[in-house]
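Student: Sharing a structure below in structure tokens format, with a few things to ask.
The values are calculated or read from the model by the stated rules, or taken from the named source; none is laboratory data. Fair warning: this is a prediction, and the values are worked out from it, not measured in the lab. Here the Cβ is made from the backbone with ideal geometry for all residues, glycine too, and neighbour counts use every protein chain on show. Areas reflect the complete protein model, heavy atoms only, side chains present, ligands, DNA and RNA absent. Shrake-Rupley method; radii C 1.70, N 1.55, O 1.52, S 1.80 Å.
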Amino acid sequence: MNRSATPRLGPLPVAQWSEQDRETLRGSFARADRYLSGDAEAPPMPPILGLLARHSRVGGPWLAFNGRLLDAGTLDPRDRELLILRVASRTGCRYLWVEHVGLARSVGLTRERIAAVTEGPEAAGWDERDRDLLRATDQLVADHALDDALWARLASYLDERQLLEMIFVVGSYTCLAMVLNSVGLEPATKPVP
């Protein structure tokens, strides 16, 4: 891969945010609002929000869209996190991996299942539904489409809205991985073993 050994573009320091940047990002995603509140007790700003502040007119709407996928989606949260971790694995996106391991754990994926995500759908221990979700991610990342056989199997587990949402989750996080990998954004936390 043609990645820079050093970060190319880091988070915009909060002191350099314009009021328009704050307003554009605030209200876009409930989870992000706690960082953007300006309260003395607000948690430290995640690097991704600082990166989005560099172009808040694009970052705000993207954050709102992604917030819908995370907080108001129809997919089971475990399925969503399985898809996101597979995107992180397939794209080599360390930032996504680090940020979503904790979320995956909180929705029921064990350390063993999380580790198996990197091995893919053929790793031991997956049920057929999980295998198909991993296969879907692989096909979408590699071919940008699902084949007929896999679509039919997924349609036996997921309704039409969930099928569309699954594609949006994989697509949105693949897009984000491209951005994160290209700019070299580093996560604020260390990877969970």
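Student: Yes or no: residue 189 of a type in the set (S, T, N, Q) and modelled with pLDDT of 95 or more? I'd like the intermediate steps shown before the answer.
Tutor: Details: of a type in the set (S, T, N, Q): yes; modelled with pLDDT of 95 or more: no.
Criteria not met by residue 189.
Student: Within the stretch 36-54, can you find the residues that are assigned to a loop (DSSP other than H, G, I, E, B) and either hydrophobic (A, V, I, L, M, F, W, C) or more than 22 Å from residue 169 (Cα to Cα) (or both)? Break it down stepwise before answering.
Tutor: Let us first name the residues in the stretch 36-54 that are assigned to a loop (DSSP other than H, G, I, E, B), namely 37-46, 54.
Once the filter is applied, which keeps residues that are assigned to a loop (DSSP other than H, G, I, E, B) and either hydrophobic (A, V, I, L, M, F, W, C) or more than 22 Å from residue 169 (Cα to Cα) (or both), the stretch 36-54 yields 37, 38, 39, 40, 41, 42, 43, 44, 45, 54.
Student: Among the residues of the stretch 100-145, count how many are open to solvent by 60 Å² or more (accessible area, probe 1.4 Å) and of a type in the set (Asp, Glu).
Tutor: The number of residues fulfilling the criteria is 6.
Student: Only one of these conditions is not met by residue 170: (1) assigned to a helix (DSSP H, G or I); (2) open to solvent by 10 Å² or more (accessible area, probe 1.4 Å). Which number is it?
Tutor: So residue 170 meets the others, but not (2).
Student: Looking for whichever is at pLDDT below 95, assigned to a helix (DSSP H, G or I), in contact with a helix residue (DSSP H, G or I) (Cβ under 8 Å, 6 or more places away or on another chain) and of a type outside the set (Val, Ile, Thr) here; the options are 70, 140. Which one fits? So that I can check it myself, show each step before the final result.
Tutor: Details: 140 fails: at pLDDT below 95.
Exactly one of 70, 140 is at pLDDT below 95, assigned to a helix (DSSP H, G or I), in contact with a helix residue (DSSP H, G or I) (Cβ under 8 Å, 6 or more places away or on another chain) and of a type outside the set (Val, Ile, Thr), namely 70.
Student: Quick test for you: out of 131, 153, pick the one residue that is without any contact (Cβ under 8 Å) to a residue 12 or more places away in the chain and in a helix (DSSP H, G or I).
Tutor: Details: 153 fails: without any contact (Cβ under 8 Å) to a residue 12 or more places away in the chain.
Selected residue: 131, the only one of 131, 153 that is without any contact (Cβ under 8 Å) to a residue 12 or more places away in the chain and in a helix (DSSP H, G or I).
Student: Return the residues of the stretch 77-96 that are closer than 18 Å to residue 31 by Cα and either within 10 Å of the chain's Cα centre (by Cα) or not in a helix (DSSP H, G or I) (or both); say none if nothing qualifies.
Tutor: Within the stretch 77-96, 80, 81, 84, 95, 96 qualify.
Student: Find the residue count for the stretch 8-30, including only residues that are surrounded by 12 or more Cβ atoms within 10 Å (Cβ to Cβ) and either of a type outside the set (S, T, N, Q) or within 18 Å of the chain's Cα centre (by Cα) (or both).
Tutor: Result for the stretch 8-30: 14.
Student: Tell me, yes or no, whether the stretch 47-54 has at least one residue that is surrounded by 14 or more Cβ atoms within 10 Å (Cβ to Cβ), among the small types (Gly, Ala, Ser) and touching an Asp or Glu at 6+ places or on another chain (Cβ under 7 Å). Let's see the steps before the verdict.
Tutor: Initial filter on the stretch 47-54 (surrounded by 14 or more Cβ atoms within 10 Å (Cβ to Cβ)): 47-54.
Narrowing further to those that are among the small types (Gly, Ala, Ser): 50, 53.
Still in the running and touching an Asp or Glu at 6+ places or on another chain (Cβ under 7 Å): 53.
For the stretch 47-54, residues surrounded by 14 or more Cβ atoms within 10 Å (Cβ to Cβ), among the small types (Gly, Ala, Ser) and touching an Asp or Glu at 6+ places or on another chain (Cβ under 7 Å): present.
Student: Could you list, in sequence order, the residues of the stretch 67-85 that are free of Cβ contacts under 8 Å to residues at least 60 places away in the same chain, more than 11 Å from residue 130 (Cα to Cα) and open to solvent by 10 Å² or more (accessible area, probe 1.4 Å)? Let's see the steps before the verdict.
Tutor: In the first step, residues of the stretch 67-85 are kept if they are free of Cβ contacts under 8 Å to residues at least 60 places away in the same chain; the result is 67-68, 70-72, 76-78, 81-82, 85.
Filter once more, so that each one left must be more than 11 Å from residue 130 (Cα to Cα): 67-68, 70-72, 76-77, 81, 85.
Selection gives 68, 70, 71, 72, 76, 77.
Student: Test residue 180 against the criterion of being open to solvent by less than 30 Å² (accessible area, probe 1.4 Å) and at pLDDT below 95, and give yes or no. Give the steps one after another, and end with the answer.
Tutor: Values: open to solvent by less than 30 Å² (accessible area, probe 1.4 Å): yes; at pLDDT below 95: no.
No.
Student: Between a residue in the stretch 18-40 that is on the phi > 0 side of the Ramachandran plot and any residue that is charged (D, E, K, R) and not in a loop (DSSP other than H, G, I, E, B), which pairs come within a Cβ distance under 7 Å, given they are 6 or more apart or on different chains?
Tutor: So the pair list comes out as 27/33.
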